[in-house]
Protein chains: 2
Amino acid sequence: MALVAGVEQQQAAPPRSGLGGLADLAGKDLEAVNAIILEHMQSEVDLIPQLAGHIIAAGGKRLRPMLTLASARLCNYRGRRHLPLAACVEFIHTATLLHDDVVDESDLRRGLATANALWGNKSSVLVGDFLFSRAFQLMVSDGSLEVLRILSDASAVIAEGEVLQLMTSNDTETTEDSYLRVISAKTAALFAAACRIGAVVAERPDAEELALDRYGRCFGIAFQLVDDVLDYSARQAELGKAIGDDFREGKITLPVVLAFARGNEAERRFWRRCLEDLEQEAPDLDRALDLMARHKALEDAMARAKLYGAQARTALHAFADSPARRALTEVVDFCVDRAY
Amino acid sequence: MALVAGVEQQQAAPPRSGLGGLADLAGKDLEAVNAIILEHMQSEVDLIPQLAGHIIAAGGKRLRPMLTLASARLCNYRGRRHLPLAACVEFIHTATLLHDDVVDESDLRRGLATANALWGNKSSVLVGDFLFSRAFQLMVSDGSLEVLRILSDASAVIAEGEVLQLMTSNDTETTEDSYLRVISAKTAALFAAACRIGAVVAERPDAEELALDRYGRCFGIAFQLVDDVLDYSARQAELGKAIGDDFREGKITLPVVLAFARGNEAERRFWRRCLEDLEQEAPDLDRALDLMARHKALEDAMARAKLYGAQARTALHAFADSPARRALTEVVDFCVDRAY
């Protein structure tokens, strides 16, 4: 039961992980959400709470459920419905992560062994399905068809985005548009839904629902852009995290798209060999970093991230100033700034 | 687009596959269901309709959606809601099959290459997720929280059953109770839900909902028992279908559970070598068949199937005689009789 204890520990001391005001704002609610998560990942089939506990306790920032909590607060919501719905958002996210790690054949996530590395791909696929079903059971208990529509639409879009990513994986001809389409679907759709349901439970007008949707969508795109930049960033290396994971897997992220598009024929041959043929040698990552620096690929990808971050902040102008609005603004800044 | 054409072909001539009265009863409705399936498996991401079309068109009997259609008819339902809900049941079933084939590492399903064999495990996992999401989108469009509750509960139970099966796979000490628990969850839960929602759309009293739930559950158990017997049956061999697939995969089904429990120590060593260690030689399947014959394992497993079949038929006594009741009765008989 060490894994479950891991969740309880988190309940006692909600992770701060630099999310600043957002963690302060959501702190108390997040304890309740963690308790709901713990309760609903139980099953008589032992492997389910073991595996689910591993990934759920494995140090996730709980960013997405915190967005639901803060959005509900932003809308002056006074009830309790946002708590199980935030748990539901985390279950959908976790189910996606479990299937992602199977698809990416990943052994590590946030420095810990992945569930598929520990229990095998089969368990990860099936426990992912279980958590996804649990998410829908939680929504049904809430009883709002509007919430069910928002989250089932987001789930379909996420799955479409994952398939699209698989189809463009290792394809150096991927365009910036195609990359944006993938991250809008696989990452930003859940950010948007997580925020939007905060307005739905508070029964706010459509304009506020849509403003929160837009905030979440732009923030999600910025978040994924920064994540993809960090994989090649000296800043990440300074923090003691490995860089080059995406490179080794041949993932085509915006830094690669830009460096490839701006490179000469010899450089393109290099990218094709490393990322399409996955024939890599020790000095290749350094060469990739050099090419990205020469073509300002990381700089320009970060500029895109800042642009989306600014759009996210602007969307919040639909709301009056409040601690919740400040927290939601700050978390965008934090996310974009973590790359420096 | 050949795959999509496959579905259209089926629309023109709905599969009979010996389901007799049920196929006649559901025929016209099933064309409408097939059209809904075709419409809702579309996506701008080409791989999704290709892969989904392959498995959906690959000769499934559409038994589960036909149960929804016939149950609605049994309840004198006159509307159209049963059509998208039947499609939704088929989507859940298909998503499960896609993930099942990944978990079982199957290359063939009904004599055709599996989706994972053709497109890889990754695509099967992700397209399964997509179809599962589509199922929930269809339910949300229907708008009944009761239907959503029934099918999200069933989905969670199915996933639990699949995990339990994985945990007991290759374990010759599996008990009959444990086997029944697995098939009740992984197979019978969806049969029960498929039937029950027929009563829900017709707004019938709880007693009728529960009678249809019971019918579906007992029929589902009988269906799976027969399926597991057929894998060792001369009848299946006569029909030109391969036997011994479960044996080669080390699946612990009731025929094995009974033969193992009734065997002596030497026989149990044989079962352990073949099914736990998966060390099999050419004559082993014949020896397995001999041991099953000696211990009346297939006979007794079929007796259990008949018992559940009879319980399914009895559950229908909650309804007056009608063509729908006769069709639902006959399909149980057909299913149990196909083993002879």
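The values are calculated or read from the model by the stated rules, or taken from the named source; none is laboratory data. Quick caveat: nothing in here was measured; it's all calculated off a predicted structure. Note that we place each Cβ from the backbone using ideal geometry, even for glycine, and neighbour counts take in every protein chain shown.
Exactly one of (1) at the interface with chain A (Cβ under 7 Å from one of its Cβ atoms); (2) modelled with pLDDT under 95 is unmet by B:V140. Its number?
Going through the list (1) at the interface with chain A (Cβ under 7 Å from one of its Cβ atoms); (2) modelled with pLDDT under 95, B:V140 breaks only (2).
Can we say A:R134 is without any contact (Cβ under 8 Å) to a residue 60 or more places away in the chain and either facing chain B (nearest Cβ under 7 Å) or surrounded by fewer than 23 Cβ atoms within 10 Å (Cβ to Cβ) (or both)?
When the stated conditions are applied, A:R134 does not pass them.
So that you can scan it fast, the table gives a plain yes or no per residue for (1) under 30 Å from A:E267 (Cα atoms); (2) in a helix (DSSP H, G or I); (3) of a type outside the set (K, R):
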| residue | (1), (2), (3) |
| --- | --- |
| A:M292 | yes, yes, yes |
| A:R304 | yes, yes, no |
| A:G309 | no, yes, yes |
| A:V331 | no, yes, yes |
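Give the stretch B:32-43 a look and list any residue that's in a helix (DSSP H, G or I) and within 11 Å of chain A (Cβ to nearest Cβ), or say none.
B:H40, the sole residue that qualifies.
Of the residues A:G111, A:G120, A:G79, only one is modelled with pLDDT of 95 or more and surrounded by fewer than 18 Cβ atoms within 10 Å (Cβ to Cβ); which?
A:G79
Looking at A:E249, A:E276, which is the one that is more than 21 Å from A:Q224 (Cβ to Cβ), surrounded by fewer than 19 Cβ atoms within 10 Å (Cβ to Cβ) and in the same structural domain as A:V226 (by TED's automatic domain parsing)? Write out each step before concluding.
Values: A:E249 fails: more than 21 Å from A:Q224 (Cβ to Cβ).
Criteria check complete, one pass: A:E276.
Is at least one residue of the stretch A:197-207 in a helix (DSSP H, G or I) and of a type in the set (K, R)?
No, the stretch A:197-207 has no match at all.
Taking the options A:E146, A:E90, name whichever one is more than 11 Å from every other protein chain (Cβ to nearest Cβ) and either modelled with pLDDT of 95 or more or not in a strand (DSSP E or B) (or both).
A:E90
For the stretch A:152-207, which residues satisfy the criterion of being over 25 Å from A:F91 (Cα atoms) and either among the polar types (S, T, N, Q) or touching a strand residue (DSSP E or B) at 6+ places or on another chain (Cβ under 6 Å) (or both)?
Scanning the stretch A:152-207 gives A:T168, A:S169, A:N170, A:T172, A:T174, A:T175, A:S178.
Are there any pairs with C-beta distances below 9 angstrom linking a residue in the stretch A:153-165 that is more than 7 Å from chain B (Cβ to nearest Cβ) and in contact (Cβ under 8 Å) with a residue 40 or more places away in the chain to a residue that is assigned to a helix (DSSP H, G or I) and small (G, A, S), with the two at least 6 apart or on different chains, and if so which?
Partner pairs satisfying both residue conditions: A:A154/A:A189; A:A154/A:A192; A:A154/A:A193; A:A154/A:A194; A:A154/B:S133; A:I158/A:A185; A:I158/A:A189; A:I158/B:S133.
Which of the residues spanning the stretch B:236-249 are under 20 Å from the mean Cα position of the chain (by Cα) and of a type outside the set (D, E, K, R)?
If we filter the stretch B:236-249 for residues that are under 20 Å from the mean Cα position of the chain (by Cα), which is where we start, we get B:236, B:239, B:241-247, B:249.
Passing the criteria: B:Q236, B:L239, B:A242, B:I243, B:G244, B:F247.
Run B:N76 past the list (1) out of contact with any Pro (no Cβ under 8 Å at 6 or more places or on another chain); (2) assigned to a helix (DSSP H, G or I); (3) touching a residue at least 12 places away in the same chain (Cβ under 8 Å) and report the number of the one that doesn't hold.
(2)
Residues checked against (1) within 11 Å of chain A (Cβ to nearest Cβ); (2) not in a helix (DSSP H, G or I):
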site: B:V45; (1), (2): yes, yes
site: B:A52; (1), (2): yes, no
site: B:K61; (1), (2): no, yes
site: B:D100; (1), (2): yes, no
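Quick one: which residue in B:A339, B:A320, B:A288 is at pLDDT 95 or above and either part of a helix (DSSP H, G or I) or surrounded by 17 or more Cβ atoms within 10 Å (Cβ to Cβ) (or both)?
Selected residue: B:A288, the only one of B:A339, B:A320, B:A288 that is at pLDDT 95 or above and either part of a helix (DSSP H, G or I) or surrounded by 17 or more Cβ atoms within 10 Å (Cβ to Cβ) (or both).
Which count do you get for residues in the stretch A:134-155 that are touching an Asp or Glu at 6+ places or on another chain (Cβ under 9 Å) and closer than 22 Å to A:I221 by Cα?
2
Output yes when any residue across the stretch B:178-189 is closer than 28 Å to A:D100 by Cβ, more than 9 Å from every other protein chain (Cβ to nearest Cβ) and basic (K, R), and no when none is.
So far as the stretch B:178-189 goes, yes, one or more of its residues are closer than 28 Å to A:D100 by Cβ, more than 9 Å from every other protein chain (Cβ to nearest Cβ) and basic (K, R).
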